[in-house]
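Rule-based calculations on the coordinates, nothing more; no lab input. Quantities reported herein were computed from a predicted structural model and do not represent experimental measurements. Heads up, the Cβs are rebuilt from the backbone with ideal geometry, glycines too, and the neighbour counts pull from every protein chain shown.
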Amino acid sequence: MLATMISGRTLAQGAGCESKMSPDFFKAVALCHLSERDFKSLGLSEGKNVLLKNEFGQVVLTAKMDAGLPESIVFIPMGPWANVLVGKETGGCGTPHFKGLEVDVAATNSPVLNICELFSDMGA
Amino acid sequence: MSEATLIKDAVCSFCGCLCDDIDVEVEGGKVQRVKHACRLGSSKIMGHGRIESPMIRKEGVLVACSFQEAYDRAAQILLMANKPLMYGWASTSCEAGKKGILLAEEVGAVFDTTATVCHGPSVIGIEEKGLPGATLGQVKNRADTIVFWGCNPAEAHPRHSLRYSSNACGRFTPQGRKGRKIIVVDVRETRTAKNADKFISITPGCDYEVISALRMLVAGKGDNVPEEVGGVSKADLADLAATLKAAKFGAVFFGLGITHSRGRYKNIDNALSLVAELNQHSKFVIMPMRGHYNVGGIGQVLAWSSGYPMSVDFARGMPYFNPGETAACDLLARGDTDAAMVIAADAVSNFPRTTAQALAKIPVIQIDPYENPTTLLSEVVIPCAIAGVEAEGTAYRMDGLALRLRKMVDSGFPSDEEILIGILESVQKQRLLKANEEA
């Protein structure tokens, strides 16, 4: 399924953003919110994972139904998982294009990487 | 501080609201209870796991060392670099920022703040158009119409509505929420939208077009507006324009929904023009919803020190500012920096992964109370006291009001300011030693 990815703050993300190595932050942020219709059309149920891919990277996240989202828009709490899908380009103003990215979304049985695993290939 | 102490009206050092009505109970040198703060502020003030010791990476492993050893190694890295990047500064005091700028001048660094990955486009837009601004007190006391555009204070600034905007009762707004019209413009129905009188759902990346259509309607040129703009019907836009024009005192708050999406600083430029034009019909103000509690303050300090509010390159011997060239993400993307100091921020998490990868290839110095993904890539790690909890200092609220952060508990850790002085002194000492050796 093709979708537009946006990221943003949530209460749980904010409460955990200064303890990023904790399991609570992982649970609050490694999520992909989908509209009810998209959630069902991908055959998902609570706790199932989705794989998001675009030209910049790919990431597995836990799927979460969100009644406030329109169809074909997915929301990821801001943080290192969302940023896997963001490119380097800043449009000459220093700020990357964090929101409004086209992504391909599919159900997957692959696991969600924890924060250390997420950066293991960067020498962390 | 072994006896129980109640600290009244402390300032919360989490978000740009800088709520200054927090009561904190301290006993046995620890914060025991926090009253009036939101979930975000309480989490920060109550405290959690810390980096326990300064560390230097040896053979791939971070090994505990003394603070002086860490300062000396940090100074050595900065001195050896051709163009170091000093990034962060949003979650510490203005006094620390001031010392950081001195250090940046000393070593010829690029000094950039977290604004470049949040409200940097707002800063640029405001430089181009100017800001019809106000204090949050004015909004609380006077605003009868409030627009939240691309922001979700219910989750990012939880006490904003109660203290300053939608639900606040002020001198000329005694009815609070009942006496105000609240409009939310966003691409999804957020918690903030659920508290609004009108939610306008727009297509992602179409903020510029929707703002332009509103400007035409406000200017009486609605005949040229198509039947639908950015997913919004012309009728809804016309209603909104009429509501805005009818306001006695209107306020627009905007967030990363428009700074992070297509158009970026041009969205802000356009929104500022809309508000300027609304002032021909009514009194209207606009304000960015600044995220980290002192991201506004470091912008002020940098502006009065160098003339520029972010992304300042001191490597040329004079301040140079050109976002897109001197911003942290651009420098890293081009491989144009050979060392980095990350202070009061987590660059590895908050930059695009493709940009953050550049940090894995250069020596990184981290100054922070907490372990985070930047720690995993750092060569030197220096733990600090938490500004606003364990160290005092000055911070600027999102409306530009300066407030004094208080020290509530003692800490065995030096403040960011003390750490930066330690590194600066080590830089000067090592430079002198080298000069003497060469002489």
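Which pairs, out of B:198/B:245; A:99/B:266; B:140/B:178; A:64/B:44, put more than 20 Å between their alpha-carbon atoms? Working shown, then result.
Working: B:198/B:245 16 Å; A:99/B:266 15 Å; B:140/B:178 13 Å; A:64/B:44 27 Å.
Long pairs (Cα-Cα over 20 Å): A:64/B:44.
Please average, across the residues of B:201-208, the number of beta carbons from any other chain that are within 10 Å of each residue's own beta carbon, and give a whole number.
Numbers: counts 2, 0, 4, 9, 6, 1, 1, 0.
Across the residues of B:201-208, the mean count of other-chain Cβ atoms within 10 Å is 3.
Amide H to amide H under 5 Å from residue B:415: which residues, 5+ apart in sequence or cross-chain, H placed 1.01 Å off N in plane?
B:385
Only Cα pairs within less than 10 Å get springs; with that Gaussian network setup on chain B, which residue of B:189, B:392, B:59 has the largest fluctuation?
B:59
Across every pair of different alpha-carbon atoms, what Kirkwood hydrodynamic radius in Å does the range B:171-211 reach?
Values: mean 1/r = 0.0865 Å⁻¹.
Averaging 1/r across every pair of different Cα atoms and inverting gives 11.6 Å.
Can you classify the range A:2-122 as rounded, prolate or oblate using the Cα gyration tensor, where a ≥ b ≥ c are the square roots of its eigenvalues, rounded means a/c under 1.5, and otherwise it's prolate if a/b beats b/c and oblate if not? Each step should come with its number before you reach the end.
On the way: a/c = 1.40, a/b = 1.12, b/c = 1.26.
Rounded shape, in that the Cα axes give a/c under 1.5.
Based on the inverse mean of 1/r over its pairs of different Cα atoms, what is the Kirkwood hydrodynamic radius of the range B:121-207, in Å? Write out the running numbers ahead of the final one.
Values: mean 1/r = 0.0727 Å⁻¹.
Mean inverse Cα-Cα distance, inverted, gives 13.8 Å.
Quick one: net charge around residue B:140, please, counting Lys, Arg +1 and Asp, Glu -1 for every other residue with C-beta under 11 Å from its C-beta.
Numbers: positive: B:142, B:163, B:171, B:180; negative: B:399.
Taking every Cβ under 11 Å from that of residue B:140, the sum is +3.
Under the definition of partner shielding as Cβ atoms of other protein chains within 10 Å of a residue Cβ, what is the mean value for peptide A:75-86?
Details: counts 3, 0, 1, 8, 4, 9, 2, 4, 10, 4, 3, 9.
Shielding by partners across A:75-86 averages 5.
Around residue B:149, which amide H atoms from residues at least 5 apart in sequence, or from another chain, sit under 5 Å from its own amide H, with H modelled in the peptide plane?
Long-range HN contacts for residue B:149: B:185, B:253, B:254, B:255.
Could you derive backbone 3J(HN,Hα) for the range B:183-195 from the dihedral phi with the Karplus parameters 6.51, -1.76 and 1.60 (θ = phi - 60°), listing whole Hz in sequence and x where the residue is Gly or Pro?
10, 10, 10, 7, 8, 9, 7, 7, 4, 5, 4, 5, 9
On average, how many beta carbons from a partner chain sit within 10 Å of the beta carbon of a residue in B:371-379? Show your work: numbers first, answer last.
Working: counts 4, 8, 10, 3, 3, 9, 4, 1, 0.
Taking all residues of B:371-379 together, the mean is 5.
Based on the Cα gyration tensor of the protein assembly as shown, what are the three equivalent ellipsoid semi-axes, each the root of five times an eigenvalue, rounded to whole Å and given largest first?
On the way: eigenvalues 282, 146, 117 Å².
Equivalent ellipsoid semi-axes, largest first: 38, 27, 24 Å.
Could you sort the peptides A:99-110, B:321-332 by per-residue average Cβ neighbour count (10 Å cutoff), highest mean leading? Spell out each step's value before the answer.
Numbers: A:99-110: 16.7, B:321-332: 23.7.
My ranking of the peptides, most packed first, is B:321-332, A:99-110.
What does the helix-only formula give at 222 nm for chain B: each DSSP H stretch with n ≥ 4 adding -39500 (n - 2.57), the total divided by the residues, and the result rounded to the nearest 500 deg cm²/dmol? Provide the component values of the computation, followed by the final result.
Working: 18 runs with 163 residues, N = 439.
So the helix-based figure for chain B works out to -10500 deg cm²/dmol.
Explain nothing, just the number: relative contact order of chain B, from Cα pairs under 8 Å at least 6 residues apart, as a whole percent.
On the way: 952 pairs, mean separation 106.7, N = 439.
24 percent.
With the Cα gyration tensor of the range B:1-126 giving a ≥ b ≥ c as the square roots of its eigenvalues, does the rule (a/c under 1.5 for rounded; else a/b larger than b/c for prolate; else oblate) give rounded, prolate or oblate?
On the way: a/c = 2.56, a/b = 1.37, b/c = 1.87.
Here the range B:1-126 falls in the oblate category.
Of the listed peptides A:68-74, B:312-318, B:89-95, what is their order by residue-averaged count of other C-beta atoms within 10 Å, with the highest listed first? Please report the intermediate quantities before stating the final value.
On the way: A:68-74: 19.1, B:312-318: 17.1, B:89-95: 27.4.
Those peptides, ordered most packed to least, come out B:89-95, A:68-74, B:312-318.
Only Cα pairs within less than 10 Å get springs; with that Gaussian network setup on chain B, which residue of B:286, B:22, B:419 has the largest fluctuation?
B:22
With θ taken as phi - 60° and the coefficients 6.51, -1.76 and 1.60, list the Karplus ³J(HN,Hα) couplings across the range B:300-312 in order, rounded to whole Hz; mark glycine and proline as x.
Using θ = phi - 60°, the values come out as 5, 4, 5, 5, 6, 7, 10, x, 10, x, 6, 6, 9 Hz.
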